[in-house]
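Enquirer: Got a structure for you, written out below as structure tokens; questions coming shortly.
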Amino acid sequence: MGPVVACHCGQCNRSTSHVLAAVNVLESGISWPKTDTLTWYQSSDFAERGFCGACGSPLAWRLSDPAVRSSASLMAGSFDNKDVLTLDRHIYVSHKASYYDITDDLPQYPDSD
């Protein structure tokens, strides 16, 4: 499991109403406890977002092509034990909304890292 990455792109802003915080996890290490409500939405020409079909909570982001996909980014808020998570960096800060500032000292990347 990787560190938490804060994404400030427009699509993440729209899907979460602010900043998306996610952890990259190898797909082989992911176990979905309730697949009957897990729904995948094709959110762009290359990626899809997973969410709970019952309550609408965002759960994951991944590349849509299984041939090139090896991991998924799981929403930090979906972890039961958040004490093991650490925010590591900010990506797509050139796309962030103007109503807030990033005030920590973590690395910031204009686009992807």
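Enquirer: Restricting the first residue to the stretch 31-43 and requiring it to be within 17 Å of Asp80 (Cα to Cα), which pairs with a second residue that is in a loop (DSSP other than H, G, I, E, B) meet a Cβ separation below 9 Å and a spacing of at least six or different chains?
Expert: Pairs that qualify, where the first residue is within 17 Å of Asp80 (Cα to Cα) and the partner is in a loop (DSSP other than H, G, I, E, B), are Lys34/Ala54.
Enquirer: Still on this model: Among the residues of the stretch 1-37, which ones are over 15 Å from Leu74 (Cβ atoms) and either open to solvent by 60 Å² or more (accessible area, probe 1.4 Å) or not in a helix (DSSP H, G or I) (or both)?
Expert: Within the stretch 1-37, His8, Cys9, Arg14, Ser17, His18, Val19, Asp36, Thr37 qualify.
Enquirer: Would the stretch 101-108 turn up any residue that is among the hydroxyl-bearing types (Ser, Thr, Tyr) and either open to solvent by less than 80 Å² (accessible area, probe 1.4 Å) or assigned to a strand (DSSP E or B) (or both)?
Expert: Checked against the condition, which is being among the hydroxyl-bearing types (Ser, Thr, Tyr) and either open to solvent by less than 80 Å² (accessible area, probe 1.4 Å) or assigned to a strand (DSSP E or B) (or both), the stretch 101-108 yields no hits at all.
Enquirer: Another question about this same structure. Would it be correct to say that Ile91 is surrounded by 14 or more Cβ atoms within 10 Å (Cβ to Cβ) and of a type in the set (Val, Ile, Thr)?
Expert: Spelling it out, Ile91 is indeed surrounded by 14 or more Cβ atoms within 10 Å (Cβ to Cβ) and of a type in the set (Val, Ile, Thr).
Enquirer: Given the criteria more than 15 Å from the chain's Cα centre (by Cα), at pLDDT 90 or above and either open to solvent by 60 Å² or more (accessible area, probe 1.4 Å) or not β-branched (Val, Ile, Thr) (or both), does Ala67 qualify?
Expert: Yes; evaluated as a whole, the condition is true for this residue.
Enquirer: Continuing with this model, one more query. Filter the stretch 70-83 for residues that are open to solvent by 70 Å² or more (accessible area, probe 1.4 Å) and without any contact (Cβ under 8 Å) to a residue 40 or more places away in the chain and give the result.
Expert: Asp80, Asn81, Lys82, Asp83
Enquirer: Looking at (1) open to solvent by less than 80 Å² (accessible area, probe 1.4 Å); (2) out of contact with any Leu (no Cβ under 6 Å at 6 or more places or on another chain); (3) over 26 Å from Pro110 (Cα atoms); (4) not in a loop (DSSP other than H, G, I, E, B), which one does Gly56 not meet, given that it meets all the others?
Expert: The failed condition is (4).
The values are calculated or read from the model by the stated rules, or taken from the named source; none is laboratory data. Every value quoted in this text rests on a predicted model; they were computed, and no experiment measured them. Note that each Cβ is placed from the backbone with ideal geometry, even for glycine, and that neighbours are counted across all protein chains shown. Note: accessible area is taken over every heavy atom of the protein model, side chains too, but ligands, DNA and RNA are not part of it. Shrake-Rupley method; radii C 1.70, N 1.55, O 1.52, S 1.80 Å.
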